[in-house]
Every structure is written in C-alpha cells, then in structure tokens.
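The values are calculated or read from the model by the stated rules, or taken from the named source; none is laboratory data. What you see is a predicted model; the values in this text were computed from it and never measured. Backbone-built Cβ (ideal geometry, glycine too); neighbour counts: all protein chains shown.
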Amino acid sequence: MTKMNPYLNFDGKAEEAFIFYKSVFGGEFPGVHKIGDAPGTEQLSAEEKNRVMHISLPINEHTTLMASDIIPSAGHKLTEGNNVHISLHPETREEADRLFAGLSAGGTVEMPLQETFWGAYYGSFKDKFGIQWMINVELGK
C-alpha cells in the first residue's frame, strides 16, 4: 500500500508554520532537519542554512503533513502552485519506479529516482497537468 501525504513549501517560514499547525493538531515533530545539515551547503548564507530542509507532523495514523523551505540562492522561487506537492511513500523500489514512470510521463522531471544521503530512494517531478509529485521509499526498512 502506498501512503500519500501533502507536502508544503515555504519561503523561510516552514518551522513557524509547523509550530502553528502543531498548536492546532497537537502531536510531535519526528525531527526538524535544517538545510545546513545537508552535504554541499557550505556556501549558503547562515539564513539559508537555518531554513528547513524537512519537517513533518503526524496528523493521524494515515496522514502526515510535511514541508520544507525554498533556497533562493539556488534559484528557487515560491509562487502559487509550487507550494504544495503530493508525496507518495511506496513500500518498494519497484512500486516507486512504476509510479514515477507513469505519473511523470509527459511531465518534467526535477530529480530522477535515486538513493539519497537521508537513506531513501527519492525522485520528484511535475506531471503533465502541472501537479508537483515526490516519491520516497525509505531504505533499510
């Protein structure tokens, strides 16, 4: 079974927004990962290093709200329409490959499926209808 979660983008306000969402929904953050924690970010400003690379808030047993901040110096620009992604979490690489190939057909691949430094098989794309998607398989589970 593939899980599906809303994934939001912010321009430096992800942590603030999630503190607010936590005040409404309750719960705890499994972790708050900053952009400066990732390899290859040494050239970023202190402000960008302090932005959120990933934050999540479990809402219930089926849904987790997730988010990150954009990185302006990398050319990211937050505009209406790119601030929400659908994040799929299939259980296998094979299912990830199938979903990625099917949904990205005729669209634009942002990051091909690949192993990542955070221990996942991950890729992202915009489908032919302009919807943003992320596919993430946790490795080693």
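List of remarks:
- Of residues in the stretch 51-71 being touching an Asp or Glu at 6+ places or on another chain (Cβ under 9 Å) and assigned to a loop (DSSP other than H, G, I, E, B), the one surrounded by the most Cβ atoms within 10 Å (Cβ to Cβ): 51
- Residues in the stretch 98-133 that are of a type outside the set (S, T, N, Q) and part of a helix (DSSP H, G or I): 98, 99, 100, 101, 102, 103.
- Taking the stretch 25-63 as the range and being of a type in the set (Gly, Ala, Ser) and in contact (Cβ under 8 Å) with a residue 60 or more places away in the chain as the test, only 38 passes.
- Among the residues here, residue 19 does not qualify as of a type in the set (A, V, I, L, M), within 21 Å of residue 89 (Cα to Cα) and surrounded by 12 or more Cβ atoms within 10 Å (Cβ to Cβ).
- Top-ranked residue in the stretch 1-16 [being touching a strand residue (DSSP E or B) at 6+ places or on another chain (Cβ under 6 Å) and either of a type in the set (Phe, Trp, Tyr) or not in a strand (DSSP E or B) (or both); ranked as surrounded by the fewest Cβ atoms within 10 Å (Cβ to Cβ)]: 2
- Failed item, numbered, when residue 113 is tested on (1) of a type outside the set (Asp, Glu); (2) at pLDDT 95 or above; (3) in the same structural domain as residue 11 (by TED's automatic domain parsing): (3)
- Among (1) over 19 Å from residue 132 (Cβ atoms); (2) in contact with a Pro (Cβ under 7 Å, 6 or more places away or on another chain); (3) of a type in the set (A, V, I, L, M), the one test that residue 32 misses: (2)
- Identity of the residue in the stretch 96-114, farther than 10 Å from residue 127 by Cα and among the small types (Gly, Ala, Ser), that ends up surrounded by the fewest Cβ atoms within 10 Å (Cβ to Cβ): 101
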